[in-house]
1. Would you mind working out the magnitude of the charge dipole of the chain relative to its Cα centre, with +1 at each Lys and Arg C-beta and -1 at each Asp and Glu C-beta, to the nearest 20 Debye?
2. Could you list His30, His51 in order of exposure, starting from the residue whose Cβ has the fewest other Cβ atoms within 10 Å?
3. Please list 3J(HN,Hα) in residue order for segment 29-45, calculated via the Karplus relation 6.51 cos²θ - 1.76 cosθ + 1.60 where θ = phi - 60°; whole Hz, with x for glycine and proline.
4. Top mean-square fluctuation among Glu53, Glu24, Glu65, Gaussian network model of the chain, C-alpha springs under 10 Å?
5. Can you tally the net charge around Glu60? Count Lys and Arg as +1, Asp and Glu as -1, for every other residue whose Cβ sits under 12 Å from the Cβ of Glu60.
6. So if R0 is 22 Å, what FRET efficiency would Lys31 and Glu53 give, r being the distance between their Cβ atoms, rounded to the nearest 0.05?
7. Could you tell me which label, among (1) 18, 57, 23, 2; (2) 19, 51, 30, 1; (3) 17, 34, 24, 16, 7, 2, 0, carries the value of P(r) over Cα pairs in 10 Å bins from 0, in percent calculated for this structure?
8. Placing +1 on the Cβ of each Lys and Arg and -1 on the Cβ of each Asp and Glu in the chain, which of Ser41, Ile77, Ser3 has its Cα farthest towards the positive end of the resulting dipole?
Amino acid sequence: MYSVYSIFNRKHNKIYIGQSEDLETRLRLHKAKLFKNSYTSRFDGEWELIHRENFEWRREALIREKQLKSYRGREFIRSLIN
């Protein structure tokens with residue numbers, strides 16, 4: 001099972017969209033800032049999960065990730081933020 005996810009940093013008003021086979025581990029890595037020189041490690045503050053979609057195949061997840069990274073996809077993600 002693959003997950004496409006969106007995380008949000010309220011302090012900097014930033015969104016990150018990605019995909020992973022092991023979402024729980026990936027979220028821990030983002031929050032611990034263990035991805036050196038990555039987008040999420042550049043910003044202090046807490047990253048929170050705001051959206052998740054599951055797919056059986058990685059190809060489907062990659063297609064959806066690309067859709068969410070488009071202008072309309074980012075508008076959809078922004079609409080989920082309180």
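1. 380 debye
2. Values: His30 22, His51 16.
Neighbour counts put them in this order, fewest first: His51, His30.
3. Rounded to whole hertz, the list is 5, 5, 5, 7, 6, 8, 8, 5, 6, 9, 4, 6, 7, 6, 10, 7, x.
4. Glu24
5. On the way: positive: Arg58, Arg59, Arg64, Lys66; negative: Glu53, Glu56, Glu65.
Computed value for this residue: +1.
6. On the way: r = 20 Å, r/R0 = 0.92.
Here the calculated transfer efficiency is 0.60.
7. Among (1) 18, 57, 23, 2; (2) 19, 51, 30, 1; (3) 17, 34, 24, 16, 7, 2, 0, the one derived from this structure is (2).
8. It is Ser41.
A short reminder: the numbers here are calculations on the coordinates, not readings from a lab. Source: prediction; values computed, not measured. No Cβ is skipped: glycine too gets one built from the backbone with ideal geometry, and neighbour counts run over all protein chains shown.
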